[in-house]
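The values are calculated or read from the model by the stated rules, or taken from the named source; none is laboratory data. Treat the numbers as computed from the prediction; the structure is a model and nothing was measured. As a convention, Cβ positions derive from the backbone with ideal geometry for all residues, glycine included, and neighbour counts pool all protein chains shown. Accessible surface areas use protein heavy atoms only, side chains included; no ligands, DNA or RNA. Shrake-Rupley method; radii C 1.70, N 1.55, O 1.52, S 1.80 Å.
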Amino acid sequence: MPLHNLARTLLCAALWLVHLAAPVVWAQTPYPNRPVKLVSPIPPGGAPDLIARAIGYKLSQGLNQSVVIETKVGSNGNIAAEFVARAPADGYTLLVGMDSLFVINPYLYAKGAVDVNKELIPIASLGSNQFVLSVNAALPVKTLPEFVAYVKKTSPPPAYASGGNGSQHHLTMEMLKARAGMDLLHVPYKGGAPATTATIGGETIAMFSGTSNSALVKAGKLKAIAVSSAQRLKEMPDVPTIAETYPGFDNSIWIGLFAPAGTPDAVVQRLRAEVAKALQAPDLIEAFNKAGGIEPMVTTPEELQAQIKRDQAKYSKVIRDLGIKPD
């Protein structure tokens, strides 16, 4: 073939390749270009689910893309965590996960299918809530010191309820028992609702629960005598903190947004920015409050990592010292 014909052929081939590749380049659009999935580890009505729906609505506005909530229940959140960890690391499958997944489960369960602290990365904190120490309405105590005195003089030790072995309700009461030097019999139930029913009915005398039980307190079915946070709660300003009796006691719960490890930094930064904006929105703050007094939790990535490490140290010690096993 003459050289000029060969050159013409090569030029035509090059132009054709450019033509084929061009639509691929032009079709690329910034994240996100399809719906984003938020996975909740708790059935509808639980705090992570309510937070997922509230933050999902705001993210759909900020990202200008549909955000779909999908529930994956089981194994104290491990099933949802595994589902997200195994998803493509592209920012389209995210976990709205409670802190227990990262600071309790690794020390409570035998080695799971995924290492959540390596295979999932934190994008942002979302919300926090506190525990309320509630007692049976007929119990002859009104304050935490009175409760401790009552327990110490009761024999055999009275029982308290929790949502299950290794739950934060359980571990918080064990921390208080150790701090106060009192003895209580632990009765684990299959979730917070039956534990609440048991305490109202007198099967147990006390329990720690989230602020979702505030309506029962207002109705006089339970008495709230202390909260686990460092400061008093806005919705319960007359209820003292445990720290007012035992300085330094502070045990809160928090929920965050997580992605599979390896998610592009640009995607993580975009999501982080949208979450930061959403947590300042009055309608989201109101939605969180209606979901049981949940407070928006705004942290830097470094602050969230530090929180995770502190909580891991705290909970792993309690689990190890007491030899707690899951139900």
### Summary
Scanning the range 30-65 for residues that are closer than 29 Å to Ser212 by Cα and of a type in the set (Lys, Arg) gives Lys37, Arg53, Lys58
### Selection count, the range 62-80, where residues are touching a residue at least 60 places away in the same chain (Cβ under 8 Å) and within 20 Å of Ala124 (Cβ to Cβ)
2
### Count of residues meeting criterion [touching a strand residue (DSSP E or B) at 6+ places or on another chain (Cβ under 6 Å) and surrounded by fewer than 20 Cβ atoms within 10 Å (Cβ to Cβ)] in the range 55-64
1
### Task
Mind checking which strands (runs of 3 or more DSSP E) fall wholly inside the range 187-297 and carry at least 3 residues that are of a type in the set (Gly, Ala, Ser)?
252-260
### Query
What number of residues in the range 130-169 are crowded, with 17+ Cβ neighbours inside 10 Å, in a loop (DSSP other than H, G, I, E, B) and of a type in the set (A, V, I, L, M)?
2
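Does the range 176-189 include one or more residues that are closer than 26 Å to Arg53 by Cα and of a type outside the set (A, V, I, L, M, F, W, C)?
Within the range 176-189, none of the residues are closer than 26 Å to Arg53 by Cα and of a type outside the set (A, V, I, L, M, F, W, C).
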### Query
Is it true that some residue in the range 92-115 is in contact (Cβ under 8 Å) with a residue 60 or more places away in the chain and over 19 Å from the mean Cα position of the chain (by Cα)?
yes
### Task
Search the range 260-278 for residues that are in contact (Cβ under 8 Å) with a residue 24 or more places away in the chain and pair each with any residue that is outside any loop (DSSP other than H, G, I, E, B) and basic (Lys, Arg) when their beta-carbon atoms are under 9 Å apart and the residues are at least 6 apart or on different chains.
Ala261/Lys118; Glu274/Lys58; Val275/Lys58; Lys277/Lys58; Ala278/Lys58
### Summary
If we ask which residues in the range 75-96 are open to solvent by less than 40 Å² (accessible area, probe 1.4 Å), at pLDDT 95 or above and not aliphatic (A, V, I, L, M), their number turns out to be 3
### Task
Sort out which residues of the range 170-186 are surrounded by 19 or more Cβ atoms within 10 Å (Cβ to Cβ), part of a helix (DSSP H, G or I) and of a type in the set (A, V, I, L, M, F, W, C), and write them in order of number.
Leu171, Met173, Met175, Leu176, Ala180
### Query
Hey, any hits in the range 279-294 for a residue that's open to solvent by 70 Å² or more (accessible area, probe 1.4 Å), in contact (Cβ under 8 Å) with a residue 60 or more places away in the chain, in contact with a helix residue (DSSP H, G or I) (Cβ under 7 Å, 6 or more places away or on another chain) and farther than 17 Å from Asn129 by Cβ?
no
### Message
Of the conditions (1) within 21 Å of Ala291 (Cα to Cα); (2) open to solvent by less than 20 Å² (accessible area, probe 1.4 Å); (3) touching a helix residue (DSSP H, G or I) at 6+ places or on another chain (Cβ under 9 Å), Lys72 satisfies every one except a single condition; which number is it?
### Response
(2)
### Message
For a quick check of your reading of the model, give me the residue pairs whose first member lies in the range 121-137 and is under 14 Å from Met98 (Cα atoms) and in contact (Cβ under 8 Å) with a residue 12 or more places away in the chain, whose second is among the acidic types (Asp, Glu) and open to solvent by 10 Å² or more (accessible area, probe 1.4 Å), with beta-carbon atoms closer than 6 Å and at least 6 apart or on different chains.
### Response
Ser128/Glu295
### Query
Of the numbered conditions (1) open to solvent by less than 50 Å² (accessible area, probe 1.4 Å); (2) farther than 30 Å from Ala87 by Cα; (3) more than 19 Å from the chain's Cα centre (by Cα), Gln231 satisfies every one except a single condition; which is it?
(1)
### Task
Would you check which residues across the range 51-107 are touching a Gly at 6+ places or on another chain (Cβ under 9 Å), among the charged types (D, E, K, R) and assigned to a helix (DSSP H, G or I) and list them?
Glu82
